[in-house]
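Here is the structure we will look at.
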Amino acid sequence: MQLFGRPFRPRLWPTLTALPVFLVLIGLGTWQAQRMGEKEAEIATLQARWQAPPIELPQDFSDPEALQFHRVELTGRFLNDKEFYLPGKSYKATHGLYVATPFLLDDGRSVIVNRGWVPDKYKQPESRQAGLFQDRVTIEGILRIGGWKSRDFVKPENDPAKNVWYYFDLPAMAAVAGLQQPVTAMYVEALGDESTGILPIGLPFRVDIPNDHLQYAITWYL
């Protein structure tokens, strides 16, 4: 056999060394391809949940993962004097923050609702009076699990004293706000309509679960 004009003769030990490595890489590529299919099925399930008709806020939160991304309908009133602020959020190249507000349900429970985004200049409630609903309202949203969702070594510290929250620490938020019968297993991502011009803006919802397994499979196969 000729290789680049020279005789090619596979040697025993290089071949015996390379063969297991080759098999391992093929195995890793196949495993990633299988994981890609599993992740696609998971994403399809979660998308079906939030696209389904809304349900009432569950009483049982013993399995939050099973409730993640379900659409819910809430009736009650916002506790506007207990807002939380999550800074460092940009929308359409404009810097701003998320506003989260406790929502007092008719059954006496309180759940924290991420109402959406506002520009920095509209952080103070008095600057957006139209969105401070005082009366009893019915809203729709998506159930989400709180907590920090990235690596611990980059985890920032929330500052409850300054009302600066980088992630949803639901038990701490409920304690700071003095909520009665708080739901601390999950919060609600409000669904909104930007066209109303009312702040905060409920941003378009999507299932934000990464699926990079195809890239990994190609890398291992190559």
Qualifying residue in segment 37-49 (condition: modelled with pLDDT of 65 or more, part of a loop (DSSP other than H, G, I, E, B), of a type outside the set (Phe, Trp, Tyr) and surrounded by 17 or more Cβ atoms within 10 Å (Cβ to Cβ)): no
- prompt: How many residues are open to solvent by less than 30 Å² (accessible area, probe 1.4 Å) and of a type outside the set (A, V, I, L, M) when one looks only at segment 126-146?
  reply: 5
task: With respect to VAL99, determine if the residue is touching a residue at least 12 places away in the same chain (Cβ under 8 Å), touching a Lys or Arg at 6+ places or on another chain (Cβ under 6 Å) and part of a strand (DSSP E or B).
output: yes
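Looking only at residues in segment 77-96 that are assigned to a strand (DSSP E or B) and over 18 Å from PHE168 (Cα atoms), which one is least open to solvent (accessible area, probe 1.4 Å)?
TYR91
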task: Might you let me know whether segment 169-192 holds any residue that is touching a residue at least 60 places away in the same chain (Cβ under 8 Å) and acidic (Asp, Glu)?
output: yes
task: Tell me which of these LYS149 doesn't satisfy, since it passes every other one: (1) farther than 22 Å from PHE168 by Cα; (2) of a type in the set (Lys, Arg); (3) exposed (fewer than 14 other Cβ atoms within 10 Å of the Cβ).
output: (1)
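The values are calculated or read from the model by the stated rules, or taken from the named source; none is laboratory data. Bear in mind that the values here come from a model prediction, so they are computed numbers and not experimental data. Glycine gets a Cβ as well: all are built from the backbone with ideal geometry, and neighbour counts include every protein chain shown. Just so you know, the surface numbers come from the protein's heavy atoms only, side chains and all, with ligands and any DNA or RNA stripped out. Shrake-Rupley method; radii C 1.70, N 1.55, O 1.52, S 1.80 Å.
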